[in-house]
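Structure first, commentary second.
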């Protein structure tokens, strides 16, 4: 790279830094200026690196991830001072954590090198905003990604050599099942995962980060699904929204809180028996919302609803299985205005640094035979079962949206 290009990039960075105003928001739009600065900094860094430096960077990343995951398990970060100005020696930390000092020092070296923790000239250690955050939810999400996605994905070359160089699409035979020596068991990914209750719990808690990645409200107007008096006179039992695989009712509650024209008695929450039992026991379903025990692999029992809503469901499954899901709903779309709504991440057609997290999550979904999709992928999927996409409602600043489909006219 010549000096003029570097100078131009640095000038662009300076302009972004001057205009930057820190935000306390965690939504994609609030984070966008920060992400732009980070991505431009990375672009400058990569333009200066040679291939050998990239190998070194990848090696450090691998050592860092293994060290972080190990130290989380050993609860070492919890023993470190929460004040970044305070220090703790390796000997003190060893005594408090019960981890051998020599092992701590070796696991800490990659983290000091990456800036995850700090080390002073006297050899003592300090926390950072990263190590402190990893004692709570970010650490849970990291553990989810490491245990359920990274570990199985390290065997992807072996999996492809065995099953062929094609994308995994099965819920029974995939990198996750192969990693757990369960591809011949006839068990689904979830059933395999359920054998380790602690890992299953971490997975379920970690998945709550998806609320930020795929917002529930703010970009699709659910008020338009409200039933008019005339509609209710003609069909008093008509349903506005069927929340398919809707869990314990948290999403339905968020929608009702935000979109006041919708009435809870016109919403149906569907999920498996065990989930509905849990929802009723914990009283998480909004008052008035109807609950229905239903397996979404079977025909949809609610006919003629205005909308059949899947939120963060499709990325768990291959195109073939998602087509099967849609085929269970299509016979129920008996009203002219019946719609399918799929809320999920939307990959860019051309990947950029801004949407880098979507690429990572798509590879993670591959582990279990699922996939994230582009707008075009959704159009092709809908078309394959006789639906057409009528609109794609994009979440502001996020790589996500609601894909709206109807029966082909």
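The values are calculated or read from the model by the stated rules, or taken from the named source; none is laboratory data. Because the structure is a prediction, the values reported are computed rather than measured. Cβ placement follows ideal geometry from the backbone for every residue including glycine, while neighbour counts extend to all protein chains displayed.
Out of the stretch 209-257, which residues are free of Cβ contacts under 8 Å to residues at least 24 places away in the same chain and either in contact with a helix residue (DSSP H, G or I) (Cβ under 6 Å, 6 or more places away or on another chain) or over 22 Å from residue 292 (Cα atoms) (or both)? The answer is 211, 224, 228, 229, 230, 231, 233, 234.
Scanning the stretch 13-51 for residues that are under 20 Å from residue 400 (Cα atoms) and in a loop (DSSP other than H, G, I, E, B), we see that the one that is farthest from the chain's Cα centre (by Cα) is 25. Look at residue 143 and say whether it is under 24 Å from residue 364 (Cα atoms) and touching a helix residue (DSSP H, G or I) at 6+ places or on another chain (Cβ under 7 Å). Spelling it out, residue 143 is indeed under 24 Å from residue 364 (Cα atoms) and touching a helix residue (DSSP H, G or I) at 6+ places or on another chain (Cβ under 7 Å). Among the residues of the stretch 178-205, just one is within 21 Å of the chain's Cα centre (by Cα), surrounded by 14 or more Cβ atoms within 10 Å (Cβ to Cβ) and part of a loop (DSSP other than H, G, I, E, B), namely 188.
Taken over the stretch 384-409, residues that are outside any loop (DSSP other than H, G, I, E, B) and more than 18 Å from residue 337 (Cα to Cα) amount to 4.
Per the listing 364, 353, 398, 343, the residue uniquely in the same structural domain as residue 269 (by TED's automatic domain parsing) and out of contact with any helix residue (DSSP H, G or I) (no Cβ under 6 Å at 6 or more places or on another chain) is 343. Considering only residues in the stretch 339-359 that are over 16 Å from the mean Cα position of the chain (by Cα) and crowded, with 20+ Cβ neighbours inside 10 Å, the one that is farthest from residue 213 (Cα to Cα) turns out to be 339.
Condition check ((1) in contact (Cβ under 8 Å) with a residue 40 or more places away in the chain; (2) surrounded by 11 or more Cβ atoms within 10 Å (Cβ to Cβ)) across all residues:
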| site | (1), (2) |
| --- | --- |
| 26 | yes, no |
| 32 | yes, yes |
| 47 | yes, yes |
| 50 | no, no |
| 53 | no, yes |
| 64 | yes, yes |
| 69 | yes, yes |
| 75 | no, yes |
| 79 | no, yes |
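For (1) within 27 Å of residue 234 (Cα to Cα); (2) touching a helix residue (DSSP H, G or I) at 6+ places or on another chain (Cβ under 9 Å); (3) free of Cβ contacts under 8 Å to residues at least 12 places away in the same chain; (4) outside the structural domain of residue 386 (by TED's automatic domain parsing), each residue gets a yes or a no:
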residue: 285; (1), (2), (3), (4): no, yes, no, no
residue: 290; (1), (2), (3), (4): yes, yes, no, no
residue: 298; (1), (2), (3), (4): no, yes, no, no
residue: 312; (1), (2), (3), (4): no, yes, no, no
residue: 331; (1), (2), (3), (4): yes, no, no, no
residue: 335; (1), (2), (3), (4): yes, no, no, no
